[in-house]
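Report on the structure given below.
The values are calculated or read from the model by the stated rules, or taken from the named source; none is laboratory data. In this text the structure is predicted, and so the values were computed from the model without any measurement. Every residue, glycine as well, gets a Cβ built from its backbone with ideal geometry; the counts of neighbours run over all protein chains shown. For the accessible areas, the whole protein counts, side chains as well, though only heavy atoms, and no ligand, DNA or RNA atoms are used. Shrake-Rupley method; radii C 1.70, N 1.55, O 1.52, S 1.80 Å.
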Amino acid sequence: MVLLQYLIIKRMPNQILDISHRGASGYAPEHTIASYKLAKKLKGDYIEIDLQMTKDGRLVAMHDETLDRTTNGSGLVKDYTLDDIKKLDAGTWFNKKYPEKANPNYVGLKVPTLGEIIQTFGRSANYYIETKSPDVYPGMEEKLLNILNKYKLIGPNSQSGKVIIQSFSKDSLLKIHSMDANIPLIQLLSYSQNAEISQNEINNIKKYAVGVGPNYQAINRGYVQKVRNNGLLIHPYTVNDKDDMKKLLDWGVTGMFTNYPDVLRNLIKGI
């Protein structure tokens, strides 16, 4: 394991990471500048950014491969240019789905590019970035690292830990690791039933990643302790209930994803 990754692992367990899932998406439309700004205001440690890629090769913040759920458009992101996607409304859906949280300022919000997000926050924010469906988007990893290098978030003279990259795709993470072994990587894991992780799996993950991100409903104290005893970080997703947060903190997780970063922040402050 490279020195930088070692130092990050040594530092982060002492700082339980409050990761704003798609921004403060419990209060504002996910993956919009408004959601990220609110996450910063609520003092989340990282803003999480899911990436898709447009027809003309631009990286945009969106969870789904399709436009339908979070915009007034329809179809696959990869079939539309950035100009096409910029014409869409990425905020009104939230007001309709959550009328009790509706805000007129959310009407007409735009889908941001990764570059626009970084231009907005610069080095004042920490970025937890996921390569979504990288098999659908050849070259996604190169474009991502080019942008991060352009804004000096990685590479020489960059501040360690400003960026963490995660993916369900081992191949995507290995590709990133081969291009820049100093970037801390998290292997996302999804379990349909009670989670188990073998020593062999852990040993393989440690070759390229600093931690794992499992769905929280499937794990238990033993799982968390096994991961931690092997020197890996563990950031479960997506935890919105206060009692679940308390339980996971008691088990020893080193952070978690939440739509409500203020709730988690208040619990962490009380530890």
- Task: Only residues that are assigned to a helix (DSSP H, G or I) and touching a strand residue (DSSP E or B) at 6+ places or on another chain (Cβ under 7 Å): list them for the stretch 148-158, please.
- Result: 148
- Of everything in the stretch 54-74 that's over 11 Å from the mean Cα position of the chain (by Cα) and among the small types (Gly, Ala, Ser), which residue is surrounded by the fewest Cβ atoms within 10 Å (Cβ to Cβ)? 74
- Task: Return yes or no: is residue 51 touching a strand residue (DSSP E or B) at 6+ places or on another chain (Cβ under 7 Å), within 27 Å of residue 256 (Cβ to Cβ), surrounded by 16 or more Cβ atoms within 10 Å (Cβ to Cβ) and modelled with pLDDT of 95 or more?
- Result: yes
- Task: Give the residues of the stretch 58-93 that are in contact with a His (Cβ under 6 Å, 6 or more places away or on another chain) and assigned to a loop (DSSP other than H, G, I, E, B), sorted by residue number.
- Result: 62
- Query: Is at least one residue of the stretch 115-125 touching a Lys or Arg at 6+ places or on another chain (Cβ under 9 Å), under 19 Å from residue 21 (Cα atoms) and in a strand (DSSP E or B)?
  - Reply: no
- Considering only the stretch 245-258, how many residues are open to solvent by 30 Å² or more (accessible area, probe 1.4 Å) and either within 21 Å of residue 36 (Cα to Cα) or of a type in the set (Asp, Glu) (or both)? 1
- Restricted to the stretch 178-226 and to residues being hydroxyl-bearing (Ser, Thr, Tyr) and out of contact with any Pro (no Cβ under 7 Å at 6 or more places or on another chain), the residue most open to solvent (accessible area, probe 1.4 Å) is 192
- Please work out which residue is most open to solvent (accessible area, probe 1.4 Å), limiting yourself to the stretch 80-108 and to residues that are hydrophobic (A, V, I, L, M, F, W, C) and over 19 Å from residue 260 (Cβ atoms). 107
- Query: Can you tell me which residue in the stretch 126-170 is farthest from residue 215 (Cα to Cα), limited to those that are within 16 Å of the chain's Cα centre (by Cα) and among the acidic types (Asp, Glu)?
  - Reply: 141
- Note on the structure: When (1) closer than 25 Å to residue 104 by Cα; (2) part of a loop (DSSP other than H, G, I, E, B); (3) open to solvent by 20 Å² or more (accessible area, probe 1.4 Å) are applied to residue 37, the one that fails is (2)
- Note on the structure: Here the residues within the stretch 126-147 that are in a helix (DSSP H, G or I) and farther than 30 Å from residue 92 by Cβ are 141, 142, 145, 146
- Item | So residue 111, is it of a type in the set (A, V, I, L, M) and open to solvent by less than 20 Å² (accessible area, probe 1.4 Å) | yes
- Note on the structure: Inside the stretch 227-244, the number of residues satisfying the requirement of being in contact with a strand residue (DSSP E or B) (Cβ under 7 Å, 6 or more places away or on another chain) and either surrounded by fewer than 17 Cβ atoms within 10 Å (Cβ to Cβ) or touching a residue at least 40 places away in the same chain (Cβ under 8 Å) (or both) is 7
- Note on the structure: So, first residue closer than 14 Å to residue 64 by Cβ in the stretch 78-107, second residue open to solvent by 70 Å² or more (accessible area, probe 1.4 Å) and modelled with pLDDT of 95 or more, Cβ within less than 7 Å, six or more apart or across chains; the pairs are 78/55; 79/55; 80/55; 88/72; 90/110
- Note down all Cβ pairs under 6 Å where the first residue falls in the stretch 119-132 and is surrounded by 22 or more Cβ atoms within 10 Å (Cβ to Cβ), the second is in a helix (DSSP H, G or I) and of a type outside the set (Lys, Arg), and they're at least six residues apart or on different chains. 131/140; 131/172
